[in-house]
Amino acid sequence: MRASYAIHSSRRQVGVINAWSAAEAVIEYLRSRGFGDSDIVRLGVNSASWRGAVFTASRLEDCEA
């Protein structure tokens, strides 16, 4: 089931993406910003790095609780 995921850089929410998983959401967010796959490093099931900046994804329902 697709869900809405909040994308965070540090403490700041930088976007919202609809995706099947947190991993897909964070990668799709970075790709939508024009960042190339060669610059994106997957760090875990809900996070990735682009040139040292770490981005994480969490379901919006989890963020509001």
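Counting pairs of alpha carbon atoms under 8 Å apart in space and at least six apart in sequence, what relative contact order in percent does the chain give? Write down the numbers at each step before the final one.
Values: 112 pairs, mean separation 22.7, N = 65.
After rounding, I find 35 percent.
Per DSSP H run of n ≥ 4, the term is -39500 (n - 2.57); total these for the chain, divide by its residue number, and report the mean residue ellipticity at 222 nm rounded to 500 deg cm²/dmol.
Numbers: 2 runs with 16 residues, N = 65.
Helices in the chain give a 222 nm mean residue ellipticity of -6500 deg cm²/dmol.
As I understand it, the value is the acute angle between the Cα axis of helix 22-32 and the longest principal axis of the Cα atoms of the chain; what does it come to in degrees, rounded to 10? It is inclined by approximately 50 degrees.
Residue ranges 4-15, 37-48, 20-31 sort as 20-31, 4-15, 37-48 when ordered by packing (mean number of other C-beta atoms within 10 Å per residue, highest first). Summing Cβ point charges (Lys, Arg +1; Asp, Glu -1) relative to the Cα centre of the chain gives a dipole of roughly 180 debye.
With the simple spin-label model, which puts each label point 7 Å out from Cα in the Cβ direction, the Ala53 to Met1 separation comes to 3.3 nm. Expressed as a whole percent, the proportion of Cα-Cα pairs in the chain lying more than 17 Å apart is 30%.
Just so you know, all these numbers are worked out from the coordinates, no wet-lab data involved. This one's a predicted model, so the numbers in the text were calculated from it and none came from an experiment. Note: ideal-geometry Cβ built from the backbone for every residue, glycine included; neighbour counts use all protein chains shown.
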